[in-house]
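Visitor: My structure is below; once you've seen it, I'll send some questions.
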Amino acid sequence: MISKRIISYIIFYLLLFSGCSKGDLNTPDPNVVASFKGGIITREHLKTKFDELMPCCKERYKGLEGQKLLLKNMVLPIAISDIIKKKNIDLRQNIREELGNIAGELNMTFLHMKFHEKVLESDEKYRELRETYRLQKRRLEGYPISERFQRLLQLHQKIHPNIAKEVEEIGKNYLQKLRNEASITRNFELLMIKSTEDELKNFYQQHKDEYRVPDRVKIEEIRVEFKKGRNDCPNCPEEEKAKEIIQKALDELKSGAEFKEVAGKYSSNVQSIEPKWLEKGVNGQEFDDIAFSIEPGEISPIFKSGNSFYIIRVLEKKKGYLKSYEEVRDQIEKEYKWQKGEEFLRENSDRILFSINGKPYTIGDFIKEYEKEIDPHICHHMKYSEMKHGENKKPMLCDFAHNTIEEQKKIINRMIDKELIVEDTFNQMIHVEHQREVELLTMSYLYPIFHEEEMRKMIRITDKMIEDYYRKHQEKYQSPARAKIRMIMIKGGEKKEEKEKAYQKAKEVYKNIKPSIFSFKKGMDFGEAARKYSDDKETASKGGLLDFDVYECRNEVEYMLLHGFHKKIFELKPGDISEIFDFGDDYYIVEIMEMERRKKIPFQEIKEEVKKDLMKEEHQKVMERWEDDLLRSIGYVVYEKPLKEVLEELINKKKEEKNGKFTNS
């Protein structure tokens, strides 16, 4: 299987590295456009590199300065590679281990490719696919190593679906042969954690709180969230505005409105208006003091908890209780073994878990490999005490001991198989056969480490620099204008008659909402009109209310897609109802419920973002100086006369291609 990590390294390397000829050159001949210590770039190298660029990238390298930039980008990787080697980064213990892993993965990648070729050669029914593969592989010989390797990976990924079944069969047979020929010992008894009934009961007594079900209350809520900082609910109103909104909700409840209807109208998150059970201790002291002090059927006063105002109605209450030992015995046995297993593994990390051909692997060795090989996931052993607090459970790696014994055996056997393959591919000298690819991946792994260390030494950012940058670029650090709206959408169409019919309907709706002053009629409520006439069913059911706030265009994509819609909204004031306007194929009438104009974000709220922007700018400056110094240190020289001639050849070639097209047409 082709490793995702291998592919990501290749893509990174492809963006950075390209090849040049090595050799000493005292007096450049007319074919040389640049030279440096130990290398040259010829006209052909430069033209080939330019021709291989994607059409979108060629624009950057046009003209004399563009060609100089391309030369610079061809030489820099060689200089960087040399300096990385001199610093001996690859000799550090942790990096040496990782490079060994990369080499092993690369060996398995090429073994997988060999399986492909074996299948293609095995049957005449693959003759056409085989010929195509051979032709495309031959074409890759002219590419620089980084591009050749990447394209080779892509070629094998492309052919794999056609022969996947046969490749899998070859892989199984190959692996079985390795297993049969290898001397493998497994000491699975080490992983067998036993427990007595007394130990489990003692564990239960020590962890009773984890098996206690707390008091619970079933509630409905109206929640209005407010912002505390730019990154803390940026779509929410300010605290004072939120207080006004929740007060309106309470006034409507007091006047007899249905709780669910009011919640749908004012809550920050409409999904939160459904009844739900809450456990004591989950939502904080302020919430508990209210929720557990009022009786079923009662509505609370307005109260504040965290960065929200609430009104709740209690529907039902249940007292907490302690689960009996018998109820949770199976769960206790698992948790006890998990805990005991973790302690055992830590204490016995030097004991041999298995061996392959006489090479021992300790529990410690295996746990390290487990942590690298197994992808993070939602840990299945979350304790009740963690679950009940409703924490965001991000993917995490379960400790090895938290798997069942059968799962543990499967994981160990998979890793034994991997070790057998890695050992066999090294015995086959695949890494020597593909030495240049190994070097390529080694450098692509080392470069980010080297780059980070160099930049850390050269870039120094102070608080004063951050403040100065903020003052200089204040227009960047403003919160966009925000509006809460209700809308009526009349569905149009692409055909002229459909659009005309939709427009006439929109006019009738608008007359009902805003009748002429000479008609002496009272205008229809906007929410009622939305429910009756709007073709957008989701908002129509809520009186036209849009669940989310509308923001002034915050980026180029929003500007391109929504500018016309936003422009109409932000020309209005709170309480205004827009004229009919078209957007896309449909017609809209909008009412502005709330409006907040653009405003400057305080420095302390935005400081980290400003720092990142400044770091990015400083990084660019430092990189340019660092690159120039590096090129000077290797005696880099550009020869303008042959370079101009190359440029002229490229221009003439383009003219010929253009004239050829014109003649053919």
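Visitor: Any idea which of (1) over 35 Å from the mean Cα position of the chain (by Cα); (2) without any contact (Cβ under 8 Å) to a residue 60 or more places away in the chain; (3) closer than 20 Å to M415 by Cα is the one D330 doesn't satisfy?
Guide: With respect to (1) over 35 Å from the mean Cα position of the chain (by Cα); (2) without any contact (Cβ under 8 Å) to a residue 60 or more places away in the chain; (3) closer than 20 Å to M415 by Cα, D330 is out only on (3).
Visitor: Same structure, new question: On the basis of being polar (S, T, N, Q) and either at pLDDT 90 or above or open to solvent by 70 Å² or more (accessible area, probe 1.4 Å) (or both), does S578 make the cut?
Guide: yes
Visitor: Right, F115: surrounded by 11 or more Cβ atoms within 10 Å (Cβ to Cβ), at pLDDT 90 or above and of a type in the set (F, W, Y) or not?
Guide: yes
Visitor: Next question, about the same structure. Looking only at segment 581-599, which residues are under 23 Å from K511 (Cα atoms) and either open to solvent by 40 Å² or more (accessible area, probe 1.4 Å) or modelled with pLDDT under 85 (or both)?
Guide: Result: D582, F583, G584, D585, M593.
Visitor: Counting just the residues of segment 291-326 that are of a type in the set (D, E, K, R), assigned to a loop (DSSP other than H, G, I, E, B) and open to solvent by 70 Å² or more (accessible area, probe 1.4 Å), which one comes out farthest from K248 (Cα to Cα)?
Guide: If we take residues in segment 291-326 being of a type in the set (D, E, K, R), assigned to a loop (DSSP other than H, G, I, E, B) and open to solvent by 70 Å² or more (accessible area, probe 1.4 Å), then K319 is farthest from K248 (Cα to Cα).
Visitor: Would you pick out the residues in segment 269-290 that are at negative phi and part of a loop (DSSP other than H, G, I, E, B)?
Guide: N269, E274, P275, K280, V282, N283
Visitor: So, in segment 476-511, of the ones that are surrounded by fewer than 18 Cβ atoms within 10 Å (Cβ to Cβ) and touching a Gly at 6+ places or on another chain (Cβ under 7 Å), which residue ends up nearest to C553 (Cα to Cα)?
Guide: Looking at residues that are surrounded by fewer than 18 Cβ atoms within 10 Å (Cβ to Cβ) and touching a Gly at 6+ places or on another chain (Cβ under 7 Å), I get K499.
Visitor: Would you pick out the residues in segment 275-315 that are acidic (D, E) and without any contact (Cβ under 8 Å) to a residue 40 or more places away in the chain?
Guide: The answer is E286, D288, D289, E295, E298.
Visitor: Next question, about the same structure. Given the criterion farther than 30 Å from E343 by Cα and surrounded by fewer than 14 Cβ atoms within 10 Å (Cβ to Cβ), identify the matching residue among P214, P237, P275.
Guide: Every option except P275 fails the conditions.
Visitor: Would a scan of segment 240-248 turn up a residue that is of a type in the set (D, E), open to solvent by less than 90 Å² (accessible area, probe 1.4 Å) and modelled with pLDDT of 90 or more?
Guide: No, there is no match, as no residue in segment 240-248 is of a type in the set (D, E), open to solvent by less than 90 Å² (accessible area, probe 1.4 Å) and modelled with pLDDT of 90 or more.
Visitor: Mind checking which pairs have a first residue in segment 147-166 that is at positive phi and a second that is modelled with pLDDT under 85, Cβ under 8 Å, 6 or more apart or different chains?
Guide: Once the first residue is at positive phi and sits in segment 147-166, no partner that is modelled with pLDDT under 85 comes close enough.
The values are calculated or read from the model by the stated rules, or taken from the named source; none is laboratory data. Because the structure is predicted, anything quoted here is derived from the model rather than measured. Heads up, the Cβs are rebuilt from the backbone with ideal geometry, glycines too, and the neighbour counts pull from every protein chain shown. To get the accessible areas, we keep the full protein, side chains included, count just its heavy atoms, and leave off ligands, DNA and RNA. Shrake-Rupley method; radii C 1.70, N 1.55, O 1.52, S 1.80 Å.
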